[in-house]
Structure formats: structure tokens, C-alpha cells
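K.L.:
Let me give you the structure first, and then I'll get to my questions.
The values are calculated or read from the model by the stated rules, or taken from the named source; none is laboratory data. Only a predicted model underlies this, so the values are computations on that prediction, with no experimental measurement involved. Every residue, glycine among them, receives a Cβ derived from its backbone with ideal geometry; neighbour counts consider all protein chains shown. Side chains are part of the model used for accessible areas, which takes the heavy atoms of the whole protein and leaves out ligands, DNA and RNA. Shrake-Rupley method; radii C 1.70, N 1.55, O 1.52, S 1.80 Å.
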Number of protein chains: 2
Amino acid sequence: MMDYNQPTKNFQKEVAEQCIRYLSIDGVIFGFHQNQLNVLLLRWKGTNEWCLPGGFIRKTESVDEAAERVMQERTGLNELFLQQFHVFGAVVRYDQDAVWRKINLNVDADSWSERTISIGYYALVEHSKVVPTPDFLTEECRWWPLDEVPGLLFDHNHIIEVATRALRRQLNDQPISHLLPESFTIPELQRLHETILGHPLDARNFYKKMMASGTLERLTERRAGTPHKAPYLYRFTRSESQA
Amino acid sequence: MMDYNQPTKNFQKEVAEQCIRYLSIDGVIFGFHQNQLNVLLLRWKGTNEWCLPGGFIRKTESVDEAAERVMQERTGLNELFLQQFHVFGAVVRYDQDAVWRKINLNVDADSWSERTISIGYYALVEHSKVVPTPDFLTEECRWWPLDEVPGLLFDHNHIIEVATRALRRQLNDQPISHLLPESFTIPELQRLHETILGHPLDARNFYKKMMASGTLERLTERRAGTPHKAPYLYRFTRSESQA
DNA sequence: TTATCTTTACGTCAAAAGTACGTAAAGGTG
DNA sequence: CACCTTTACGTACTTTTGACGTAAAGATAA
């Protein structure tokens, strides 16, 4: 069992034994809530410093499995849509000394302060279903609106930027369904697209385009409780591979 | 200096000391010749087995630099268009025993038969400028037409497939210029597009589309020596980021 | 009760992009 | 020099995209 009084030491030992050195996973977990894109961040133990969820790859698991495991642990979700989007492989990715100081880590220079190559994954999840769960190096896990994300540890702001660009590109190719609940209204879907693309869309044209795409199925129910005309609920027809 | 009588042993030692274990680069170098897409392959020393160019990442270089170095060594080119396209991270990527037998390698089980995660890059190069150069594990380096590629070592056939799909996707987004010489005719460009896409295009419509793209500049010369009407030469106006 | 306002769920129309196909001129070959 | 292929255009039609119109639904205010 992990000795939580000496987490760092044990962690280093575990990584060295079970995991592939130099190589890690960083995950950008996107959620959509109150018409905003959110990402799940972790606060480092005993500090006010935030970072992305991540982890090392065990020698016995595939890279995809490692990403899935890490994301599952932080979200409590069994299934999630995951996409590999970039390898961050610069020799100096960030100011290591500055980061070690920020997180009060006394580093064993031989084993821990070496460069790390990181494989970036993004996940699209249903915001309301996530149970944010810190890992043993962090003491808080919560959603941050994408445009309020603070200065993060490591090069994690940069990773979020690249992930966001990749997500935007994906939106052009295929419908993005995993960020919304099973059923949703067209205006809600429009807000999602607007948020990802970063600019407003014409409601009439958006409606037309979605109808023409053939990926949506109208339900008989409508969304009640709105101050105006009750919109129909829709769901994606999960035929092909979708996001 | 490398001892070429004991290449494998020294290679293993070098890798262990200078390079990042478990992690390698695999490169799919595309060229275009005689209306066919070609890839550069290497024949393993003393065998009739072919594989992709590749190599390990040195501790002192970035992943991109490693890819560039490996590709430069195999092609003799200083500048080449490189694109990271996928990480191959399965625990078992191919039948290791079978491969070791094929290449007559006696493997030190502790250090060399471990899994390797590979970062896939593809390169687009001007076919005629390449000087195919084997590395010290191989004794032949040459172009293979994409549709005549034999069964390769490791999972390299799979990697080529994924790279080809990525290249096809890229063609939709941006013009692909690096596969052609500085100046070329529209029909030559059309053959390239047809080859990448895998289906014929209408010459009239292709011409119109290319003219409308605004990325081409017509030269005053024409291509002489053709049995028919001499076509104009064009070149890409290298304004934005192009492939 | 009824006018008003916002939102939804459609529709219209024109510009732009994509697709099918026509053709004259260029440059060989028999 | 007739003939054939290829280039370098052009025309016409269809599909997609984008700007904008509007009636019905549902709440709120007078």
C-alpha cells in the first residue's frame, strides 16, 4: 500500500519500477456546462497551483489504456470518448526548477528531474456525470471554465491550447455528441458548437444544417420549464463513429 | 566509433546510454514518381526483410529533432516536410519472436526484447532529390511503390496504412506541395491528387479548382518534350503554411 | 384578457462551391 | 496534312452555404 506520509518517495519508486520512464500521459478533459467549455484541473497538495490530470504508462498496459485509466480515475466514468492529439517532446518543455519550487518538491536529481515526453489526450465527457477525484499528489479536483483557467504548472496551458485547436478541427469533421447528455435541444447543441468554435452561429442555418446531417433523431418530448416556446428534445443516432 | 563487426551489441549499448528506452520514431517517407506514391524502405542486413526507417530519441534532442535527424540520414535532404501523425502504443504490437527470428537477432532478453512505443511521422519529399541511404542495421535503402510494398517487419505495414490515411486527410485541408519539384504542370499535380485520393478526378474541374485556390503561380515556360500540347509550368506561392 | 416579447421551427432567396460535360488550340504521329 | 491526344479554357446545372423573414409557442406585463 501507498505510504501517504511519504507520497513522493513512494511514487518515484513505483514509477521507476512499474512504469515507462521519460514518458507520460497528459489529459485535457472537456465538459460543457452553462454554455461554457470546462476542463478538469487538479490542485497540487499544499499549494495553490493547478495542473492537468496525467500519469505514467505502466509497462503492462498500452498507451491508450494508460490514458483511459488516468481519465477514469479522475472522472469516475467507465466509458469516455478519448482522442490522442499530440506528443509534446521538446527537451525543455518548461522551467523545471521553477515548477519544483512551486510544488515544494525536493527532487532526486538523478531520477526525477529528467525530461519527460508527454502524449496528449483529450476526453469529451458529460459534465454532470463526472465525479471529480484528485489523485494522491493533489488535494482538489474541479472544473474550470476554459477561459478562466489560471497559470498552470508545467506546460499545461500550452497543452490545453493545442487540445482546443484539435477539438475545433474535429468539429468540422464529425458531430460532437459526448459532451451533451443523451437528449438535448437544438439550441443547446448550437451553444456547444458556438463555444467550441468561438463565434456565434445563425440559429436558422444551424437548425437546417443539423437536420440535413441525418445524425439527429427528434423525440416526442419537449424541454419544459423554459420561459419561452418549449423546444423539442433530440438525440444522436449512434450509427457511425462519433465524438 | 561504432564497431561494425558487432553492430547489434554496440547499438544496444549506445541506445541504452544515449537514448530514451521504450520509445522510438518510425518514419513513412512519401515520394511521388511516375504517377505513383512511393515509400522509402530499408532491407535488414543479411536478410530479405524490409522495414521503415526509424530510430531512437536521444536524451538531448526533442522528438521532432529525432524524427528530422532520422529522416535526413535516410534521404540526404536538409529540409523536409515532417508531420507527426500517430503514437503506436500497444503492449504487443507484433510477434516479437517471429521478427527476431526473421532478422537473425540474438536478443538480450532483459534490455532489448521489451516493448517499444513508437511515434509515427510522415515526410513529404521530392522524389528525385532523395539519396536513399541505409543505416548500419540495414544494407539497402530504396523506394517502393506504395501498392507493391511487401510484408514488412514489425507492424510497419500497419503504420504505413495509418500514415496514408493521415496524408489523405491532409489533402482536404491544404495543398500538398512538397512531393512535387519546384515547378510542375497542372496535370502532374492532378495525378498526385488522384494517387493520394485513390480515385480519378475530372481534369476540367481540377484545373478550375486549382486556379481558384490562389496558391498557384503560372510561369512563362511550358513543359517541352511531351507528345502533345505543351502544358504550362506552375509553382506554389509559398505564402501560408503548406504541405 | 390581451398586447408584448423572446424563442423555436420552420421557410425563402441569392451567392458560392462543386460536378458534368463541351470545345478550340497545341503539338505531336502515321 | 489528316488524325489523335492533351491542354486550357468555357458553360450549365446542382448542391451547399449564408443572410434574413416569419408564424406559432409560451411566458410576462398592462
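K.L.:
Given the condition modelled with pLDDT under 95, open to solvent by 20 Å² or more (accessible area, probe 1.4 Å) and within 16 Å of DNA strand D (Cβ to nearest atom), answer yes or no: does some residue in region B:153-175 qualify?
P.N.:
Yes, there is a match, as at least one residue in region B:153-175 is modelled with pLDDT under 95, open to solvent by 20 Å² or more (accessible area, probe 1.4 Å) and within 16 Å of DNA strand D (Cβ to nearest atom).
K.L.:
Can I ask one more? Could you grab me the full set of residues in region A:14-30 that are in contact with a helix residue (DSSP H, G or I) (Cβ under 8 Å, 6 or more places away or on another chain) and under 14 Å from residue A:121 (Cα atoms)?
P.N.:
Matches in region A:14-30: A:25, A:26, A:27, A:28, A:29, A:30.
K.L.:
Out of everything in region A:60-81 that is open to solvent by 50 Å² or more (accessible area, probe 1.4 Å) and within 24 Å of residue A:174 (Cβ to Cβ), what residue ends up being nearest to the other protein chains (Cβ to nearest Cβ)? Talk me through it step by step, then tell me what you get.
P.N.:
Taking region A:60-81 first, the residues open to solvent by 50 Å² or more (accessible area, probe 1.4 Å) are A:60, A:64-65, A:68, A:72-73, A:76, A:78-79.
Still in the list and also within 24 Å of residue A:174 (Cβ to Cβ): A:64-65, A:68, A:72, A:78-79.
Details: A:64: 6, A:65: 8, A:68: 12, A:72: 17, A:78: 21, A:79: 20 Å.
Ranking the qualifying residues of region A:60-81, first place goes to A:64.
K.L.:
When you scan region B:206-221, how many residues do you find that are closer than 26 Å to residue B:166 by Cβ and open to solvent by less than 90 Å² (accessible area, probe 1.4 Å)? Talk me through it step by step, then tell me what you get.
P.N.:
Pass one, region B:206-221, residues closer than 26 Å to residue B:166 by Cβ: B:206, B:209-210, B:212-216.
Add one more test, that the residue is open to solvent by less than 90 Å² (accessible area, probe 1.4 Å), and what stays is B:206, B:210, B:212-216.
Qualifying residue count, region B:206-221: 7.
K.L.:
Could you grab me the full set of residues in region B:38-59 that are of a type in the set (Asp, Glu) and open to solvent by less than 40 Å² (accessible area, probe 1.4 Å)?
P.N.:
none
K.L.:
Residues to consider are B:206, B:184, B:236; find the one that is within 16 Å of DNA strand C (Cβ to nearest atom) and among the aromatic types (Phe, Trp, Tyr).
P.N.:
Every option except B:206 fails the conditions.
K.L.:
List every residue pair whose Cβ atoms sit under 8 Å apart, with the two residues 6 or more apart in sequence or on different chains, where the first one lies in region A:79-92 and is aromatic (Phe, Trp, Tyr) and the second, anywhere, is open to solvent by 40 Å² or more (accessible area, probe 1.4 Å) and not in a strand (DSSP E or B).
P.N.:
A:81/A:178; A:88/A:158
K.L.:
Got a sec? Which of B:18, B:12, B:84, B:96 is more than 12 Å from chain A (Cβ to nearest Cβ) and either under 27 Å from residue B:146 (Cα atoms) or aliphatic (A, V, I, L, M) (or both)?
P.N.:
B:96
K.L.:
Identify, by number, the condition in (1) modelled with pLDDT under 95; (2) open to solvent by less than 40 Å² (accessible area, probe 1.4 Å) that residue B:121 doesn't meet.
P.N.:
Among (1) modelled with pLDDT under 95; (2) open to solvent by less than 40 Å² (accessible area, probe 1.4 Å), the lone unmet condition for residue B:121 is (1).
K.L.:
Take the residues of region A:182-203 that are closer than 20 Å to residue A:82 by Cβ and more than 16 Å from DNA strand D (Cβ to nearest atom): which is surrounded by the most Cβ atoms within 10 Å (Cβ to Cβ)?
P.N.:
Ranking the qualifying residues of region A:182-203, first place goes to A:192.
K.L.:
Does residue B:227 count as within 10 Å of DNA strand D (Cβ to nearest atom), open to solvent by 30 Å² or more (accessible area, probe 1.4 Å) and not in a helix (DSSP H, G or I)?
P.N.:
The answer is yes for residue B:227.
K.L.:
Could you say whether any residue in region B:153-172 is part of a loop (DSSP other than H, G, I, E, B) and of a type in the set (Phe, Trp, Tyr)? Break it down into steps so the answer makes sense when it comes.
P.N.:
Step one: filter region B:153-172 for residues part of a loop (DSSP other than H, G, I, E, B), giving B:153-155.
Going one step further and asking which of them are of a type in the set (Phe, Trp, Tyr), we end up with B:154.
Yes - at least one qualifying residue is present in region B:153-172.
K.L.:
Still on this model: Mind checking which pairs have a first residue in region B:217-238 that is acidic (Asp, Glu) and a second that is within 12 Å of DNA strand D (Cβ to nearest atom), Cβ under 7 Å, 6 or more apart or different chains?
P.N.:
B:217/B:234; B:221/B:233
K.L.:
Determine which member of the set A:137, A:105, A:179 is more than 16 Å from DNA strand D (Cβ to nearest atom), more than 14 Å from every other protein chain (Cβ to nearest Cβ) and under 17 Å from the mean Cα position of the chain (by Cα).
P.N.:
A:179
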